[in-house]
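J.: Sending over a structure as structure tokens; questions will come in a sec.
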Amino acid sequence: MTTTSTVVVRGNEAHLVDPAWHPDELDALADGLDARALRVVGGIATHAHHDHVLWHPRFGSAPRWASSRAAALALARRDDLRAALVRGEGSQDVGPRPWTPELLDAVGRVQPWPGAPRSLPGDPELVVHDAHAPGHAAVWLGGSRILVAGDMLSDVELPLPLEPDDLAAYLEGLDRLAPYVARADVVVPGHGRPSSDGTARLDADRRYLDALLAGRDPDDPRRANPGMAEVHAALLALVRARGA
Ligand SMILES: [Zn+2]
């Protein structure tokens, strides 16, 4: 799934955005932090999906945040999130190491972002909207002009407006991101490759959704990627139901 984990560093402090995903990858991330002698001072989950609310005991006990809506959902869904991880939902496998009780216990333990500027590396600002998931937050690092986009602006995944099934909310979410994308030197999708041309990513998503809504067959290379034919079929059904 080409999942990204983001480590924002200032001096020997770091905060983590969506550390993920499989146990061996979380172990490797902890090794990488140790190798650079970084102390984790916070964590941000962009939304309440199972591959975005993870943690490792070796990251320590720093506070972890999400938007207030996503935090409430993550806490309410902890059992479901853990079950999805153990099942390997959305993934080819669950990796070579098991989900230990400690890793599972750390899933979803986020609190609402207090809103005031936090003294975290990169001075993150949450850009909250309801595209892809309720209370989804992109993380804007204004000093370095980086937008960590969560499950948006991907080069491998089509737009995923499936929670709720709401294309209008997704388009509004893209509009909410647009001024940040325009200023960003780099956008980092939750799945896919970082890009120095966020505007092209945003335009591709709008083009795809606009074509769907206009009843045209979208010409989008992401449709050939694993799992995306199913996504496209689901969105097509959504648009048809909307027009019925
Ligand atoms: Zn997601």
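J.: Of the numbered conditions (1) assigned to a helix (DSSP H, G or I); (2) touching a strand residue (DSSP E or B) at 6+ places or on another chain (Cβ under 7 Å); (3) away from the ligand (no atom under 16 Å from the Cβ), Leu171 satisfies every one except a single condition; which is it?
T.: It is condition (2) that Leu171 fails.
J.: Any residue in region 77-91 that's in contact (Cβ under 8 Å) with a residue 24 or more places away in the chain: show its pairings with residues that are buried (at least 16 other Cβ atoms within 10 Å of the Cβ) and charged (D, E, K, R) at Cβ separation under 7 Å, as long as the two are six or more apart or on different chains.
T.: Listed by first residue and then by second, the contacts come to Gly90/Asp51.
J.: Further, regarding this structure: Give all pairs with beta carbons closer than 6 Å in which a residue from region 97-124 that is free of Cβ contacts under 8 Å to residues at least 24 places away in the same chain meets a residue that is loosely packed, with under 15 Cβ neighbours inside 10 Å and of a type in the set (A, V, I, L, M, F, W, C); count only pairs at least 6 apart in sequence or on separate chains.
T.: Within 6 Å, no pair qualifies.
J.: Kindly list the number of the only condition in (1) under 19 Å from the mean Cα position of the chain (by Cα); (2) assigned to a helix (DSSP H, G or I) that fails for Ala234.
T.: Among (1) under 19 Å from the mean Cα position of the chain (by Cα); (2) assigned to a helix (DSSP H, G or I), the lone unmet condition for Ala234 is (1).
J.: Given the structure, is Leu73 surrounded by 22 or more Cβ atoms within 10 Å (Cβ to Cβ) and more than 25 Å from Val187 (Cα to Cα)?
T.: It is true that Leu73 is surrounded by 22 or more Cβ atoms within 10 Å (Cβ to Cβ) and more than 25 Å from Val187 (Cα to Cα).
J.: What pairs come up if the first residue lies in region 200-215 and is within 15 Å of Ala131 (Cβ to Cβ), the second is exposed (fewer than 14 other Cβ atoms within 10 Å of the Cβ) and acidic (Asp, Glu), and their beta carbons are under 9 Å apart, counting only those six or more places apart or on different chains?
T.: Final answer for the pair search is Tyr208/Asp219.
J.: Quickly run through region 102-124 and pick out the residues that are more than 16 Å from the ligand (Cβ to nearest atom) and either at pLDDT 95 or above or touching a Cys at 6+ places or on another chain (Cβ under 8 Å) (or both).
T.: Glu102, Leu103, Leu104, Asp105, Ala106, Arg109, Gln111, Pro112, Trp113, Pro124
J.: While we're on this one: Going through region 128-141 one residue at a time, which ones are of a type in the set (Gly, Ala, Ser) and either within 14 Å of Val9 (Cα to Cα) or outside any loop (DSSP other than H, G, I, E, B) (or both)?
T.: Across region 128-141, the qualifying residues are Ala137, Ala138.
J.: Also, I was wondering about something else. Report whether or not Ser67 is under 23 Å from Gly192 (Cβ atoms), away from the ligand (no atom under 13 Å from the Cβ), modelled with pLDDT of 95 or more and of a type in the set (S, T, N, Q).
T.: In short, yes.
J.: If Gly143 passes every condition in (1) in contact (Cβ under 8 Å) with a residue 60 or more places away in the chain; (2) more than 24 Å from Leu236 (Cβ to Cβ); (3) small (Gly, Ala, Ser) but one, which one does it miss?
T.: (1)
J.: Taking into account only those residues within region 131-155 that are surrounded by fewer than 21 Cβ atoms within 10 Å (Cβ to Cβ) and more than 13 Å from the ligand (Cβ to nearest atom), which is nearest to Asp203 (Cα to Cα)?
T.: Asp155
J.: In this structure, is Gly95 small (Gly, Ala, Ser) and crowded, with 16+ Cβ neighbours inside 10 Å?
T.: Yes, satisfied.
J.: Same structure again: Tell me, which residue of region 186-212 that is of a type outside the set (Val, Ile, Thr) and under 18 Å from Val17 (Cα atoms) is surrounded by the most Cβ atoms within 10 Å (Cβ to Cβ)?
T.: Restricting to residues being of a type outside the set (Val, Ile, Thr) and under 18 Å from Val17 (Cα atoms), the top hit is Gly190.
J.: Sticking with this one: Does Ala184 qualify as being of a type in the set (A, V, I, L, M, F, W, C) and within 13 Å of the ligand (Cβ to nearest atom)?
T.: no
J.: Related question: Go over the candidates Arg87, Arg36 one by one and state the one that is over 23 Å from Pro189 (Cα atoms), at pLDDT below 95, of a type outside the set (A, V, I, L, M, F, W, C) and surrounded by fewer than 17 Cβ atoms within 10 Å (Cβ to Cβ).
T.: Every option except Arg87 fails the conditions.
J.: Yes or no: region 89-100 includes at least one residue that is within 14 Å of the ligand (Cβ to nearest atom) and of a type in the set (Lys, Arg).
T.: no
The values are calculated or read from the model by the stated rules, or taken from the named source; none is laboratory data. Predicted model, so just to flag it, every value in this text is computed and none were measured. Positions of Cβ are generated from backbone atoms using ideal geometry, with glycine treated the same way; all protein chains shown enter the neighbour counts.
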